[in-house]
1. Give, in nm to one decimal, the length gained when the segment between residue 172 and residue 85 is fully stretched (0.36 nm per residue of separation minus the Cα-Cα distance).
2. Given labels modelled 7 Å from the Cα in the Cβ direction, how far is it in nm from residue 95 to residue 55?
3. How high is the relative contact order of the chain, in percent, counting Cα pairs under 8 Å that sit 6 or more residues apart?
4. Determine the calculated [θ] at 222 nm for the chain from helices alone, applying -39500 (n - 2.57) to every DSSP H run no shorter than 4 residues and normalising by the residue count; nearest 500 deg cm²/dmol.
5. So how far apart, in nm, are the two label points at residue 31 and residue 65 if each is 7 Å from Cα heading toward Cβ?
6. Which label marks the calculated value of Rg/Rh (Cα atoms, Kirkwood Rh), given the options (1) 0.98; (2) 0.94; (3) 1.38?
7. Modelled label-to-label distance, residue 127 and residue 152, 7 Å Cα→beta-carbon offset: nm?
8. Could you give the length gained by full extension between residue 118 and residue 14, i.e. 0.36 nm per residue of separation minus their alpha carbon distance, to one decimal place?
């Protein structure tokens, strides 16, 4: 009897070996999947804009209305256009942003539009809701920014962005936002 018990492998060792093999396979597989997926073009995000890095706020940029009063962003999102000179590309971007703003439908009242550009630019008459914003722009390249109600610059887009891409990001932000 002693001899048959010694020849019989321990079932505890078999179970431990199986558990260890399964753990190593699952851990190795997850690492392989992570690095394979990370090599893809759109890893980690579904947004079309670029996150503003380093983080900036409208307080950092000293947003002011044309009369010099501090501009409050509380309770509203902003589509902020920044251009050195508002040429054809800028004017076209403003028209596209206006159309995107209209396409927000019932959410449109949660979003305001503003522009920072040269003083010679005259605000278009067909866009009465467009507000001129004075700011320190050393840290902000030309483009379009989405600003949250807390005053944080969230996304950056070039002036020639396809408006439906910006609209998709803005709708997603408005849907998940508990503020503004």
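Every number here is computed from the coordinates shown, using simple stated rules; none is lab data. All values derive from a computational prediction rather than experimental measurement. Quick reminder, even Gly has a Cβ in these numbers, built from the backbone with ideal geometry, and neighbours come from all protein chains shown.
1. Net length gain for the segment: 28.3 nm.
2. 3.9
3. This gives 29 percent for the chain.
4. That comes out to -12000 deg cm²/dmol.
5. 5.9
6. Among (1) 0.98; (2) 0.94; (3) 1.38, the one derived from this structure is (3).
7. Reported label-point gap for residue 127 and residue 152 is 2.7 nm.
8. Taking 0.36 nm per residue and subtracting the Cα distance, the gain is 29.8 nm.
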